[in-house]
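Everything on this sheet refers to the single structure shown next.
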Amino acid sequence: MGSVTSLFVRKMVAAAGQAVDGDALLASVGIDTAAPVDPKLQISDTAYYDLLERMAAQMDVTALPLRTGASMRCDEYGALGLAYKTAATLQGSCARVARYARLWTSVVEYELAPDGDRSWFLLHRAGPRRLGLRLSNEATLASSVALAREVSQTGQFQPLEVHLQHPPPKTLHHHDAYFGCPVIFGSDRDGLLISAEALARPNRLGDQGITEFLIGHLDQELLALAQTTSLQDRLRDAIARSLSEGLPRMEDMANRLGMSVRSLHRRLAEDGLSFQTLTEETRRDLAEGLLTDERYSLAEIAFLTGFSEQSSFTRAFKRWRGETPAQFRKTRQS
């Protein structure tokens, strides 16, 4: 269970253009199209992947992640985008992403790893390689290239190689044209291989004073996020572990977390959450994860998600996803 910034969702839908009903897609994941773009507004990763897969059913998505990545701009990422832009070199920019990307998403970790006279800019994302995740990975690497080109003094940047773990699309023309280097599918990693010379190039708007100020601000944001996420993650984990015994009570979960019921209720309310909402989301996300694993029967999944009968689980899942568990599993398998 994780989240991604709504900025990514908006960008994907915008890149699709008239091929999809953008307003309806955004509304389906709770994004108000009339509201200002807010990178801090997050949606669940499963909802994001589902949305991408619905788009794939309506259009050819081969070039979609590349168009999405190309549209990204530093200023759209708030303080982190400014810190990226004002770092002294591209290496400094990549290091900012590796440290502070948690402000964008909880499902991807970035790493800048030296490899001789080159370095890997890697993204690590767990989970089954479903289509939505694969499209998201491609868009992430495409946006990394777009941002590097934006901060370059010449406006030019090409990685040495692009690596993706999933199989290639039917045509590589779009990928080759966008990245301008070998694009290797079926790799053992997801990332960009970058020369030392490219990483050492000065950024055109590098400013040490501004970037130090922004880093202080980002450290505070990261600390606040860690404190908030820690409670939610611990509570979701406690709920998931208790579901096989039936629906958990808030009193029991508070005791497990070493808190009073009043304190737990207050902390959740401060984040605009409720115990009931988190329990429902945890059941749904756990069910979706288990349905991707054929080792579990529908009856077993119903039991593990706190339902006394499979029929009750089927009704709840259809309310959550608009399809039965069997239909959801069949769709993911295909």
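In Å², what does the accessible area per residue of the chain work out to with a 1.4 Å probe? Provide the component values of the computation, followed by the final result.
Working: 16110 Å² over 334 residues.
That works out to 48 Å² for each residue.
Our estimate of slack between A196 and R332, defined as 0.36 nm per intervening residue step minus the Cα-Cα distance, is 44.9 nm.
Taking the chain as a Gaussian network, Cα atoms linked when under 10 Å apart, which of F275, F157, F121 shows the biggest mean-square fluctuation? Evaluated over the chain, the most mobile residue of the options is F275. Each listed q (0.20, 0.24, 0.29 Å⁻¹) maps to a log10 I(q)/I(0) for the range 230-277, found by the Debye formula over equal Cα scatterers with no solvent: -0.59, -0.86, -1.24. Per-residue surface analysis assigns W320 an accessible area of about 50 Å², computed on protein heavy atoms at 1.4 Å probe radius.
In the range 126-230, inverting the average of 1/r over every pair of distinct C-alpha atoms gives 16.1 Å as the Kirkwood radius. Of the solvent-accessible surface of the chain, computed with a 1.4 Å probe over protein heavy atoms with every protein chain present, carbon and sulfur atoms account for 51 percent. Taking a ≥ b ≥ c as the square roots of the eigenvalues of the Cα gyration tensor, the range 74-141 is classed as oblate, since a/c reaches at least 1.5 and a/b does not exceed b/c.
Remark: the T277-E212 segment gains 19.5 nm on full extension, using 0.36 nm per residue and subtracting the alpha carbon distance. The trypsin sites (Lys or Arg not before Pro) of the range 51-99 that meet both conditions, a loop assignment by DSSP and at most 16 other Cβ atoms within 10 Å of the site Cβ, are R73. Prolate is the label for the range 1-124, because the ratio a/c of its alpha-carbon gyration tensor axes (a ≥ b ≥ c) is 1.5 or higher and a/b is greater than b/c.
Which one of L141, A98, L26 has its Cα pushed farthest toward the positive end of the charge dipole of the range 8-161, where Lys and Arg give +1 and Asp and Glu give -1 at the Cβ? After comparing all options, I get A98. Here the relative contact order of the chain, from alpha carbon pairs under 8 Å that lie six or more residues apart, stands at 15 percent.
Along the range 37-42 the Karplus relation, 6.51 cos²θ - 1.76 cosθ + 1.60 evaluated at θ = phi - 60°, assigns HN-Hα couplings of 5, 10, x, 7, 6, 10 Hz to successive residues, with x for each Gly and Pro. Between the labelled values (1) -1.02; (2) -0.78; (3) -0.93, the entry that holds log10 I(q)/I(0) by the Debye sum over Cα atoms at q = 0.12 Å⁻¹ as derived from this structure is (3).
Calculate, for A27 and T171, the FRET efficiency according to 1/(1 + (r/R0)^6) with r their C-beta to C-beta distance and R0 25 Å; round to the nearest 0.05. Approximately 0.20, to the nearest 0.05. Put +1 on the Cβ of every Lys and Arg and -1 on every Asp and Glu Cβ in the range 47-86; which of Q58, A79, G69 then has its Cα farthest towards the positive end of the dipole? Of Q58, A79, G69, it is A79. Exposure check, 1.4 Å probe, all protein chains in place: H217 carries approximately 80 Å² of accessible surface.
Available extension along the chain between Q153 and E251 is 29.5 nm, counting 0.36 nm per residue and deducting the alpha carbon span.
Which trypsin sites (Lys or Arg not before Pro) does the range 117-170 hold that lie in a coil by DSSP with at most 15 other beta carbons within 10 Å? Before the final figure, lay out each step's value.
Values: sites: R118, R125, R129, R130, R134, R149, K170; in loops: R125, R129, R130, K170.
Those that pass, being in a loop and sparsely packed, are R129, K170.
The values are calculated or read from the model by the stated rules, or taken from the named source; none is laboratory data. Quick caveat, the model's predicted, so the values are computed rather than measured. Here Cβ is always computed from backbone atoms with ideal geometry, including for glycine, and neighbour counts include all displayed protein chains. Heads up: the accessible areas ignore ligands, DNA and RNA and are worked out on the full protein's heavy atoms, side chains in. Shrake-Rupley method; radii C 1.70, N 1.55, O 1.52, S 1.80 Å.
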